[in-house]
Amino acid sequence: MKRNDDNTFNESEKIWFNEHMMNHWDEMKREVHGAIKAQIEQEDLKRTALESPYPEARKATIEKITDPETLIKIALNDDDWHVRRSAVEKISDAEVLKTVALNDEDEYVRKVAVNKISDPDVLKTVALNDEDYWVRKVAVEKIDDAEVLKTVALNDEDEYVRKVAVKKINN
């Protein structure tokens, strides 16, 4: 904008400037409003996921939750295995996944955690000790250690898990 000789703006420049600033201000208000709305929505989702007496409602909110701490609380503490499994599917924290893989009471939840784990020690522990053949199989499929595979191939109580170990050894 160019100023008049007396260092002031002419009337059309003032109008343009005011309109430009108002548009910018409206844009900023929309962004702030959107951020606040998203934060409130997240808080409502967290409250539902942690406090609802209905497992279906808790599970439905997990898909939209972005807070890792809330997901971890759910994965470790929820009473319903469907809800815990949904939370574990969104978690990437290796220690939490290890805890779930080694300790969750439900084989479906443990299987999801094992699928996401890359730690060879945890996979070995699961392959050699988990009570569920399906969870052991998932761990065996991820193991490259020939000695562990040999132990599983010779000793696992389930024929299918033994076959998976033999196949991995032969490849």
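Go ahead and run the numbers for FRET between K167 and Y108, Cβ-Cβ distance against an R0 of 25 Å, rounding to 0.05. Step by step, r from the Cβ atoms, then E = 0.55.
Computed over the range 41-85, the P(r) tail beyond 17 angstrom holds 14 percent of alpha carbon pairs.
In the calculated pair-distance distribution of the range 25-171, the portion above 19 angstrom amounts to 58 percent of the Cα-Cα pairs.
Expressed per residue, the C-alpha convex hull volume of the range 56-123 stands at 70 Å³. Based on Cα contacts under 8 Å between residues 6+ apart, the range 99-142 shows a relative contact order of 36 percent.
Note on E27/D67: beta-carbon distance plugged into 1/(1 + (r/R0)^6) with R0 of 25 Å gives a FRET efficiency of 0.35. Under the shape rule built on the C-alpha gyration tensor, where the axes satisfy a ≥ b ≥ c, the range 115-171 is oblate, since a/c reaches at least 1.5 while a/b does not exceed b/c. Only protein heavy atoms count here; under a 1.4 Å probe, W134 has an accessible surface of about 80 Å².
The values are calculated or read from the model by the stated rules, or taken from the named source; none is laboratory data. Quantities reported herein were computed from a predicted structural model and do not represent experimental measurements. Cβ atoms come from the backbone with ideal geometry, glycine included; neighbour counts cover every protein chain shown. Side chains included, ligands, DNA and RNA excluded: accessible areas come from the protein's heavy atoms. Shrake-Rupley method; radii C 1.70, N 1.55, O 1.52, S 1.80 Å.
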